[in-house]
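The block underneath contains the structure these notes are about, expressed in C-alpha cells.
The values are calculated or read from the model by the stated rules, or taken from the named source; none is laboratory data. Since the structure is predicted, the reported quantities are computational estimates derived from the model, not experimental observations. Note that each Cβ is placed from the backbone with ideal geometry, even for glycine, and that neighbours are counted across all protein chains shown. Heads up: the accessible areas ignore ligands, DNA and RNA and are worked out on the full protein's heavy atoms, side chains in. Shrake-Rupley method; radii C 1.70, N 1.55, O 1.52, S 1.80 Å.
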Amino acid sequence: MVRAFVLLALGGPDPPTLPGSAHSGPAPCRVLYSRVFRTPPGTPLVPGGPPRQRLRRKEQLLAVARQVASQCRLLQSSSGRPSSPQLPQLPDEPISLQDAPGGVFQLPPGDPFPQRVTVTWLSVLALAFALVCDPQENLSLAEITLRRLAPRLLASLRLLGPGADVLLRPEAADVLLDRLLPHGQMLFLNERFLQATDREMGIKTSR
Amino acid sequence: MFTAAAESFLKQAREIQEEELRRFASRVAALLQGPELGPEAVDCLQRLHLAVAATKYPRKLDGKFVELLQTVLCSSKCPEQIQVLCAAILREMSPCNDLILSCDEIQDTKLLSLVSSVLLAQGNKKAEVSAVGQRIVKVLERRLPEGQSARYLLPVLSNIISVSPESLTEEQTNVVSKKMADWLRYASIQQGVSQPSGGFFSNPRTRQPGPVTEVDGAIATDFFTVLSVGQYYTQDQWLNVQAFSMLRNWLLCYGGKGLKTPNSDDKSGMDRSVMSMVSTTSTSSRLLPPKERLREKAFEYCQRLIEQSNRRPLKKDDGDLQKACLIEAVTIMDIICKQDSSYVYRAVSFLKILHSRICGDATYARALLPIAQFFLNHSKMAAVDSDAIYKHLFTDIPAQLFHNPSLAFEFVQFCKDNSQLFTETSSIFRQSFPNLFKFLAWNSPPLISEFVDLLPFLLDAGTAIEIFHLLLDLPCLTAALDIQLRSPALLTSERAASDPAVKPATCLEAFRHPLYKSMFQYLLRTKSAPEDAPERLTPLRQLLGSLASSPRVVQCAETVPVLLELFFRVVAEFADGPLINQLVVLLLQRSDQLYEIPAFKDDVYRVLSSQLVMLCKLHPALIVELSTEILEFSGTVSNIQNKEAIFTHVVWAIGEYMSVSYDKRCTVEQINRFFETLEAMLFEITQLRPLASTPSYAPRAISVLMATLTKLAARSQDLIPRVSMFLSKMRTFVQNPAVTSVYCEEDLEEILIRATELMNLLKMPSVAQFVFTPPVDVASTRFQREVNDSLPFALRIVTRLLEPTPGFMPG
C-alpha cells in the first residue's frame, strides 16, 4: 500500500524568479501537493494534540521531498545530464516519460517516519512525483503508477505553464488520485483499463 | 515548474491573518448555504483550501463552519467538485476535533469512499477506522442498488486492513473472502458495452460486445484477469481488478492462521508435517471454507497470470504490466504456500518452468528475485535443488545489470531480507560479494545506506582482507564498470589488435589490451578471490586516472570513508592478533596505492589513521611485532607530507605503545632503533637550509615527533640528553626568519611551548616515566584513558612547578 503521494518542486541552485527579489539563494524544495492515505499503527501519539500531529505530518512530507530532491540532483549529476530542460510537448497530449529520471530509495525507521518506508520517484523538468510505500511493496507497479500519474497531473494541472493551478485546484489532483491510486491502493490496470479510466475522468486520449 | 505566480500565491496564503480568514470563511459559509453552488463557491473553496494547506501551523476555522463543510460534503444535491473540495479541506485540517461526520447513513458508494477518506485521516482516536470498516462490509454484504458499484469501496477496505486488521470480525472477513473468490474467478469474459449516448437515433443494441482478448489479441479462453483486454468493461470486471490489486494485502492479513498484521513476520504456516501431494481440484473447492476457497482461486489466478505473461503484448506498456503482474503472482504464491504447504508441490514445478523461461531475458530480471525468494522459502520442503537458480542470480545478474537502479535496489533488499544466507562461508551468496558491490559502485547515493546495513553480514575473518581492498578500490570499480558499458562486445576472435609493447591510448583500448585485461578481469570478478594480489592493480589505477573526476566515480568515492569506518568497527569485534597485524601492514602499503582523487585520498587517510589507533588499542603488541614495517614507514620523509595523517598517528602510536608494559618483548635496542629513526626525521624537517627555501611540514607532525621522542627517552633514559638538546634547539628553529615565513605564528608558538614543556618534564625523569609509561593496570583509570587530553595539562602543571616566574611562555 502507498502511504503518501507527494508532488514537489525540486528547487536547487537557480535563484527564484521573483521580480525585484533581493536575495539570490538557491530556491527551496517545496511540496506543491500531497496526499497522505493513512497513518500506520504503532505510530506514537504526539503530545500537543491535533495541531502537532498535523505539523508532524507536514514536516515528514517535506523531509521526503528534500530527500527526493537530493537524490534527483545526485542522479542528474552522475549521469551527466544537462540541466537545461527538455522541450515540453503539446500540453494536451499525455507526455511520454520513458526517459524521465527516476529512482528508488529507502528511509530508515525514525527518519522521518517511525517505520521504514520505500520511496519511489520520478522527475520531470523542475518537478518530481513521489510515492511513499510500505517496505515490501511491488515496486514495479509503483513505477508504472507514477508513470501514469505524472503525465495526467502535468496536463490536468498545467504544471508546465506559468500558472498556479497546482495550488488552487487540489480537487483536480484528488480526482486523478482517486482513480489511479484510490486510498493508496495501486491498481493493476492494463492499457485498455487505463483508457476506460481516462474516459471516466473525461480525459481525451489520442489512442 | 514552481513559477513566480505560484510562489506569490503561497506567500499570500501564508500571510493571511486570522481575522481576514474568519471573514473569508463567513463569506464562504454564506455561499454554501445559498441556493446554488456555482463557480464562485468553487473558487472560494479553492482559496480556502490553499489558506489552510499553505502553512504547517494550525489555521483556526470556526466549529460551525467545519460542521457546514461536513453537511455540504454529505448532501446529495451538491456538485461533485464541491464535495471533493470540502473533503480536501477537511482532510487538510485533520486531525480535527469538530468532526461530526459519520458514514452510517451514506448509501452512495462514491460518497462513502470520499467520506471515508476524511474519517481515516483522523488518526483513529475514536475508532473511526473500525466504524468505517464495519460500514463497508455491511454495504458489501447486501445487494447494491442500481447504479452503485462496490468498486469504490474495496480500496477503502484495503486501506483499513493495513492500518487495523482487527477492525473486522472473522465472520466479516469470511463474507469478504467469499466475494473476493467470486470476483477473482467468475468475472464475465464478455466485453462490456459503452454507455448508450441516448438520443433519437441511438440504438443501444447496434453492436454486440465480443469476448475479451488477451494482451496479444487472441480471444481469451479462460477466466478474466487483469491482463484481459476489452473495449469497455463491466462492473464485475472492475471488481476483478480491484480484488487482485488488494489480494496480497488481504492474504497477509487474513489468509494465515489467526490474525496477522501486514507488518508482522509472515514466516508461518510451516506446521504441517505431512505434505499432501495431491492438489485440491477445482470441483471440490465449492465445499471449502471461505478462506481456503479464496486461497485456491487466488492460486489459480496467479497461475493464469504467469501463463498470460508469456504472450507478446500488442501495446508496449502492457509489457511493463505483465512483468509487474508476474512479480505479484509469484509473491502471492509464496504467501499461499507459507499459509498452506500443500500448495508447494504444485507451485514448485510451475515456477521452475517459469524460471527457465525468463532467466535468459534481461527485461525479466526483477522477477527472478521473488522466484528465488520462493525457492529459499520452500525448496527444502519440496526436496528440490535450486542451487542453479541462486547461482545464476548471484553470478550473472549483478554483472550484467548493475546499471539498472531499480533492480539494484531490489537485489540489495533481497540480500538484506535473507542476510542469514551470507553467514555460511562456502555458500554461493557469500562467495559473490564482489558482484554485489557493483550495485553500490554504480548507484552510490540511493544504495549507500543499504550497504551500511548489509556490510556486517559479509564480513568475517575469511573475507576481511579482500573486502578491505575492495572498499579502497571501489571508485576504480566504478570507472571499470563505466568502461565495460561503453566498450563494444568482445570479439570472439581476438585479432592481434593490441601489441603488448604499445601502451593503450585510451581506457577503452586498455580494456582489451593483454597487459590490462587480466587486471580488469580481476576488478570485475564475480566471485571472491582472496588469493589474488590486488597490488598488481597499480598500473590499472593509473590508467583509470582519466576517469577520476567523472561524477559517478566521485559519488562512489564519497561512500568509501563511511564504509571503511564501518568495516573497522565490525572487524574490531572479531579480529585476532594476526588479522590485526595483517590489516595494519596492508593499511600502510595501500596508502601508496590509492586511486588518485584528491578529496578521496585525504578522507581515506583520515579514516585509516584513526582506525590505526583503534587497532593499536586492541592489540598494542603490534608495534613490536610489526616493528620492521613501522620503522620503514615512519622513516620515510615523503610520508610526512604525502600522508601526514597516517604518519602522525603512526608516530603517536609508537610513542604510546612501544613499551615493555604493552609487550614484554620490547627491548632497549628496539626503543633505541625507533628513537634514531624518528630523531633523524625530526632533524630532517627542522633543518635550516641556508639558501634553499624551507619546506613547510604540518606543525602537528613536528609536535608529535617531539612528544614521541620524549616518551621513548623516558623509557630508555640514556636518550634523555639527546632529546633535551634537540628540544632546546627548537627555540632557534622557531625564531629563524626562513621558518617564520612559511609557518604561521600560532603554530610556531605552540611548537615552542610544547618543546619547552617536554624539556621541563625530562628534567624530572621519574615523573616523565610515570606520565608517559603508566603501568597497564593503572591505564584503566579515567585519568590515564584521557592521558592524551590531559597530557598538555599535566605538562603545564609540571612546567609551572619548575618555572614559578612566567619565563618565556607567552600568554
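Report the local net charge at B:PRO313: Lys and Arg +1, Asp and Glu -1, summed over other residues whose C-beta lies under 12 Å from its C-beta. Provide the component values of the computation, followed by the final result.
Working: positive: A:ARG192, B:ARG311, B:ARG312, B:LYS315, B:LYS316, B:LYS323; negative: A:GLU191, B:GLU214, B:ASP216, B:ASP317, B:ASP318, B:ASP320.
Computed value for this residue: 0.
Can you give me the angle between helix B:787-802 and the longest principal axis of chain B, using Cα atoms only, in degrees from 0 to 90, rounded to the nearest 10?
So the inclination is approximately 30 degrees.
Where the Cα atoms of segment B:543-656 are projected onto their three principal axes, how long is each span, largest first, in whole Å?
Rounded to whole Å, the extents work out to 42, 34, 20 Å.
Restricting to DSSP H runs of at least four residues, report the calculated mean residue ellipticity at 222 nm for chain B, -39500 (n - 2.57) per run over all residues, nearest 500 deg cm²/dmol.
Numbers: 39 runs with 508 residues, N = 811.
After summing the helix terms and dividing by the residues of chain B, the value is -20000 deg cm²/dmol.
Hey, if you drop one equal point scatterer on each alpha-carbon of segment B:85-125 and run the Debye formula without solvent, what base-10 log of I(q)/I(0) do you get at q = 0.21 Å⁻¹?
Log-scaled intensity ratios, in q order: -0.61.
Check each of the chymotrypsin sites (Phe, Trp or Tyr not before Pro) in segment B:1-78 and keep only those in coil by DSSP with at most 11 other C-beta atoms within 10 angstrom; list them in order.
On the way: sites: B:PHE2, B:PHE9, B:PHE24, B:PHE65; in loops: B:PHE2.
Within segment B:1-78, no chymotrypsin sites (Phe, Trp or Tyr not before Pro) qualify (loop, at most 11 other Cβ atoms within 10 Å).
Would you mind checking the radius of gyration and Dmax of segment B:27-181 based on alpha-carbon positions, in Å?
Gyration radius and largest Cα-Cα distance of segment B:27-181: 16.5, 51 Å.
Which angle between 0 and 90 degrees, to the nearest 10, do you get for helix B:699-715 versus the longest principal axis of chain B when only C-alpha atoms count?
That works out to roughly 60 degrees.
With the radius of gyration and the Kirkwood radius both derived from the Cα set of segment B:648-718, what is their ratio Rg to Rh?
Details: Rg = 13.6 Å, Rh = 12.9 Å.
Using only Cα positions, Rg/Rh for segment B:648-718 is 1.05.
If you line up the long axis of helix B:80-92 against the longest principal axis of chain B, both from Cα atoms, how many degrees apart are they, to the nearest 10?
30
Quick one: 3J(HN,Hα) in Hz for segment B:37-54, Karplus 6.51/-1.76/1.60 with θ = phi - 60°, rounded, Gly and Pro as x.
Per-residue couplings from phi come out as 9, x, x, 5, 4, 4, 4, 5, 5, 4, 5, 5, 4, 4, 4, 6, 6, 5 Hz.
What is the Å³ per residue value for the convex hull set by the Cα atoms of chain B? Walk me through the numbers before you get to the answer.
Numbers: hull volume 234.2 nm³, N = 811.
That works out to 289 Å³ per residue.
What is the set of long-range amide H partners of A:VAL124 at a cut-off below 5 Å, with H atoms built 1.01 Å from backbone N?
Result for A:VAL124 returns A:PHE129.
At 1.4 Å probe size, with the rest of the protein present, what percent of the exposed accessible area of the protein assembly as shown is carbon and sulfur atoms?
Details: 24200 of 44330 Å².
Heavy-atom surface of the protein assembly as shown belonging to carbon and sulfur, 1.4 Å probe: 55 percent.
Going through segment B:513-618, which GluC sites (Glu not before Pro) have at most 13 other Cβ atoms within 10 Å and a DSSP loop state? Could you put the intermediate results ahead of the total?
On the way: sites: B:GLU531, B:GLU535, B:GLU558, B:GLU565, B:GLU573, B:GLU596; in loops: B:GLU531, B:GLU596.
Sites meeting the loop and neighbour criteria: B:GLU531, B:GLU596.
What residue among B:GLN148, B:ALA5, B:ALA329 has its Cα farthest toward the positive end of the dipole of chain B, where the charges are +1 on Lys, Arg and -1 on Asp, Glu, each on the Cβ?
Comparing the listed Cα positions along the dipole, B:GLN148 ranks first.
As a test of the definition: with a 1.4 Å probe, what buried accessible area, both sides summed, do you compute for B against A, in Å² to the nearest 100? If you can, show how the numbers build up before the last one.
Working: alone 39320 and 12040 Å², together 44330 Å².
What B and A bury together is about 7000 Å².
Mind checking the per residue accessible area of the protein assembly as shown for me, 1.4 Å probe, whole number of Å²?
Numbers: 44330 Å² over 1018 residues.
In whole numbers, the protein assembly as shown has 44 Å² accessible per residue.
Return the ratio Rg/(2.2 N^0.38 Å) for segment B:40-101, where Rg is computed over Cα atoms only.
Numbers: Rg = 11.0 Å, N = 62, 2.2 N^0.38 = 10.6 Å.
Output field value: 1.04.
Taking each residue in B:314-325, count the Cβ atoms of any other chain within 10 Å of its Cβ, then average. What number comes out?
Working: counts 1, 6, 2, 8, 4, 0, 7, 9, 1, 3, 10, 5.
Per residue, the number of nearby Cβ atoms from other chains is 5 on average.
Just the Cα atoms of segment B:287-375: what Rg and Dmax do they give in Å?
Cα-based Rg and Dmax for segment B:287-375 come out at 13.4, 43 Å.
Once the convex hull of the C-alpha atoms of segment A:44-203 is built, how many Å³ does it hold per residue, rounded to a whole number? Intermediate results must be reported in sequence, preceding the final value.
Values: hull volume 21.8 nm³, N = 160.
It comes to 137 Å³ per residue, whole-number rounded.
Under the Kirkwood approximation for Rh and a Cα-based Rg, what ratio Rg/Rh is obtained for the protein assembly as shown? Mind showing how you got there, number by number?
Values: Rg = 35.1 Å, Rh = 33.3 Å.
Checking Rg against Rh, the ratio lands at 1.05.
Using Cα-Cα distances under 8 Å and only pairs 6 or more residues apart, what relative contact order does segment B:653-751 have, in percent?
Values: 64 pairs, mean separation 32.1, N = 99.
Result for segment B:653-751 is 32 percent.
Which one of A:LEU139, B:GLN107, B:CYS556 is farthest out on the positive end of the charge dipole of the protein assembly as shown, using unit charges on Cβ (Lys, Arg +1; Asp, Glu -1) and the Cα centre as origin?
The residue sitting most towards the positive pole is B:GLN107.
Hey, got the average number of other protein chain Cβ atoms within 10 angstrom for residues in B:77-89?
Values: counts 0, 0, 0, 2, 5, 1, 1, 7, 4, 1, 4, 5, 1.
Per residue, the number of nearby Cβ atoms from other chains is 2 on average.
Which whole number gives the average, over all residues in B:154-164, of C-beta atoms from other chains lying within 10 Å of the residue C-beta?
Working: counts 3, 10, 3, 2, 6, 9, 2, 1, 10, 7, 3.
Mean inter-chain Cβ contacts per residue within 10 Å come to 5.
Pulled fully out, how much extra length does the chain show between B:GLU170 and B:GLU596, if you take 0.36 nm times their separation in residues and subtract their Cα-Cα distance?
Result for the pair: 146.8 nm of gain on full extension.
Please check segment B:1-31 for residues whose accessible area, probe 1.4 Å, is lower by 10 Å² or more when all protein chains are in place than in their chain alone.
B:MET1, B:PHE2, B:THR3, B:ALA4, B:ALA5, B:ALA6, B:GLU7, B:PHE9, B:LEU10, B:ARG14
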